[in-house]
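The values are calculated or read from the model by the stated rules, or taken from the named source; none is laboratory data. Being a predicted model, the structure only gives us computed values, none of them experimental. Methodologically, a virtual Cβ is constructed for each residue, glycine included, from the backbone with ideal geometry; neighbour enumeration extends over all protein chains shown. Remember, those area values only see protein heavy atoms, side chains included, never the ligands or the DNA or RNA. Shrake-Rupley method; radii C 1.70, N 1.55, O 1.52, S 1.80 Å.
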Amino acid sequence: MTIGERIKKQRNEKGFSLRELASKVDLSASFLSQIEQGKASPSIENLKKIANCLEVKVSYLIEEEDEKIGSYHLKKKDRKYVESIDSKTSIALLTSSKIEKDMEPIMYEIKPGGESGRGLFNHNGEEFIYIVEGSLDIYIEDHVTTLNEGDSFYFKSTLNHRFKNNGKKLTKALWVVTPPTF
């Protein structure tokens, strides 16, 4: 995607018309249209104004290489976290929710006693788990498997399943789910 295509995509997602965004960043609508069509290039100053108005980083607007080759780099400090209600389980999103993808890699951190829920559940897709540290009990239908550091596990998500950390220390698990849920 070009800079102009990214600007247009974000503008549409924010619900701004071309004229509204142009007004907010002090540019003419015709010049902004030319930028979106790739017929003109914004100055760094204008790029900053546009990014700020669209609530994205300037790097999002200019990182065309990663997207062209189908890749995405997320620094550890930029991860988004989701925490369970009981604060015993948290999920770190390892990719952006804004990119189109067929799988969702996440890092679970599960404190002792933390679990996915009391009941078994199922959904379409597949799941892969790799235990980075600690241990985790995986309940699939009426069978329990204990996974320890370095173990991996794969299953069809259509099977009834849940998990629980029955150990005495924090468990970190790399989890890959299809289809993406975040």
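Summary table below
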{"quantity": "Residue match in the range 104-118 (condition: without any contact (Cβ under 8 Å) to a residue 40 or more places away in the chain, surrounded by 11 or more Cβ atoms within 10 Å (Cβ to Cβ) and outside any strand (DSSP E or B))", "calculated": "no"}
{"quantity": "Residue list for the range 131-163, restricted to those being open to solvent by less than 50 Å² (accessible area, probe 1.4 Å), not in a loop (DSSP other than H, G, I, E, B) and not polar (S, T, N, Q)", "calculated": "Ile131, Leu136, Asp137, Ile138, Tyr139, Ile140, Leu147, Phe153, Phe155, His161, Arg162, Phe163"}
{"quantity": "Meets criteria (modelled with pLDDT under 90 and at negative phi) for Lys48", "calculated": "yes"}
{"quantity": "Every residue from the range 80-103 that is charged (D, E, K, R), modelled with pLDDT under 80 and either in a helix (DSSP H, G or I) or within 25 Å of Arg6 (Cα to Cα) (or both)", "calculated": "Lys80, Lys98, Glu100, Lys101"}
{"quantity": "Subset of the range 1-41 [open to solvent by 80 Å² or more (accessible area, probe 1.4 Å) and among the polar types (S, T, N, Q)]", "calculated": "Asn12, Ser23, Gln34, Gln37, Ser41"}
